[in-house]
Amino acid sequence: MGYFRDNVERAAGYVPGFQPQATDVVKLNTNENPYPPSPAVLKALVEVRPEQLRRYPDPLGQAFRAAAAGVHGVEPDNVMCCNGGDDLLSIAIRAFCDEKRALAYPVPTYSLYPVLANLQDCPMIEVPFDEEFNLPGELARTGAALTIVCNPNAPTGTFVPIEELASLAGELSGVLLVDEAYADFADADAVRLVREFDNVIVLRSMSKGYSLAGIRFGYAIAPTTLITGLLKVKDSYNVDAVAIALATAAIEDQSYFKENVERVKQDRQELTEQLRALGFAVGDSCTNFVLAETKNGSAAAIYEALAQRHIFVRYFDAPGLDNKLRISVGTREQNERLLAALREIVVT
Ligand SMILES: Cc1ncc(COP(=O)(O)O)c(C=O)c1O
């Protein structure tokens, strides 16, 4: 008998994407934004006072809550700050799920959900998407305490219309968490559902559209009754003082954010077309990455050949994904280096 709970002993743990420490690499494997954050963020960083480091941070991150509420047209009490979107996933699963209260989600999707469910030791109900990644009707009938829909979905980049999420929210007896880590790159979002339903939580991340993966900041948007419950579960000081200051500066600079996102969306289009020209099957993506299905050669072999050239993309050795590569949209120069390498690898 080990020291750990049985489910922890058995768990493999989440395997994060490779984070190479060398600088001369093309890193397109964990969907970071290739462009720097707003200059306002760097100004806020320089202006951090020793006093802010000496004291505990504001437990609720009120400055950020107010700024995010303004952006989304909700009240500050509808916002909860988190140590990255992943922190919210962990808080929600701890808050709603146990041995008798299941977690449900459509698959394939973000591979962290089953890892967290295993740690919580709750049943998980995986409902397959159809071939076109439409929302499966059975998702409404699982009886789960918590249902997570990643929208736009990872790693497919596909998007479920918000009306379908509204119908799902109305049918579920439990809570619907819409994981919108990539919504900055889509044309619509589910925030209005927070006003229309008492069981909807929207997850947002500052890692992607705001170029802040390094500080770990995300947030929930939800009805106040749900926020009140979630606050009981979070760590008292789950976001630090520097992160609150920087995330607030970032979200307040909406004009930089919009420009940044627009540039990534344009580059996504170009990358998609170039990959198609090389013979990959690539669906239209609503995120800052594309999922490219290999037609010439194995995805694993292409992944290895790229890695040897210090170009990192994401390969999932999982059913339905093992003939595909997930590629983050990089700068134009990075995308060009990727495409030049692929021309060599795929043709030879
Ligand atoms: C689908 C999805 N949800 C949530 C997250 C969490 O993002 P973060 O913790 O960086 O805010 C990620 C990160 O890549 C993701 O891909």
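General remarks:
Table: residues versus (1) of a type in the set (S, T, N, Q); (2) not in a loop (DSSP other than H, G, I, E, B).
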site: Asp235; (1), (2): no, no
site: Ala247; (1), (2): no, yes
site: Ile251; (1), (2): no, yes
site: Gln269; (1), (2): yes, yes
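- Residues of the range 145-156 classified as open to solvent by less than 10 Å² (accessible area, probe 1.4 Å) and away from the ligand (no atom under 11 Å from the Cβ), total: 2
- Just one residue in the set Lys265, Lys258, Lys295 is over 28 Å from Arg94 (Cα atoms) and part of a loop (DSSP other than H, G, I, E, B); that residue is Lys295.
- Exclusive hit being crowded, with 19+ Cβ neighbours inside 10 Å and assigned to a strand (DSSP E or B), set Leu177, Leu139: Leu177
- Residue in the range 225-243 that is closer than 19 Å to Val71 by Cβ and open to solvent by 20 Å² or more (accessible area, probe 1.4 Å) present: no
- Counted residues, the range 104-136 - those being over 19 Å from the mean Cα position of the chain (by Cα), open to solvent by 20 Å² or more (accessible area, probe 1.4 Å) and either within 16 Å of the ligand (Cβ to nearest atom) or not polar (S, T, N, Q) (or both): 9
- Residue in the range 254-269 that is surrounded by 17 or more Cβ atoms within 10 Å (Cβ to Cβ) and under 22 Å from Leu112 (Cβ atoms) present: no
- Here Asp184 does not fit the description of being more than 11 Å from the ligand (Cβ to nearest atom), free of Cβ contacts under 8 Å to residues at least 40 places away in the same chain, within 15 Å of Thr287 (Cα to Cα) and not hydroxyl-bearing (Ser, Thr, Tyr).
- Taken over the range 277-302, the criterion of being touching a strand residue (DSSP E or B) at 6+ places or on another chain (Cβ under 8 Å) and surrounded by 19 or more Cβ atoms within 10 Å (Cβ to Cβ) is satisfied by Phe280, Val282, Ser285, Asn288, Phe289, Val290, Leu291, Ala292, Thr294, Ala299, Ile302.
- Of all residues in the range 202-246, those satisfying the criterion of being closer than 23 Å to Val41 by Cβ, over 13 Å from the mean Cα position of the chain (by Cα) and of a type in the set (A, V, I, L, M, F, W, C) are Ile215, Ile221, Val239, Ala241, Val242, Ala243, Ile244, Ala245, Leu246.
- Answer from Phe18, Phe64 - the residue that is open to solvent by 60 Å² or more (accessible area, probe 1.4 Å), within 16 Å of the ligand (Cβ to nearest atom) and in contact (Cβ under 8 Å) with a residue 60 or more places away in the chain: Phe18
- Just so you know, in the range 200-224 the residues that are more than 11 Å from the ligand (Cβ to nearest atom) and open to solvent by 10 Å² or more (accessible area, probe 1.4 Å) include one that is nearest to Ile251 (Cα to Cα), and it is Ser211.
The values are calculated or read from the model by the stated rules, or taken from the named source; none is laboratory data. Predicted model only: the values in this text are computed from it and were never measured. Every residue, glycine among them, receives a Cβ derived from its backbone with ideal geometry; neighbour counts consider all protein chains shown. Surface areas here come from the heavy atoms of the whole protein model, side chains and all, with no ligands, DNA or RNA. Shrake-Rupley method; radii C 1.70, N 1.55, O 1.52, S 1.80 Å.
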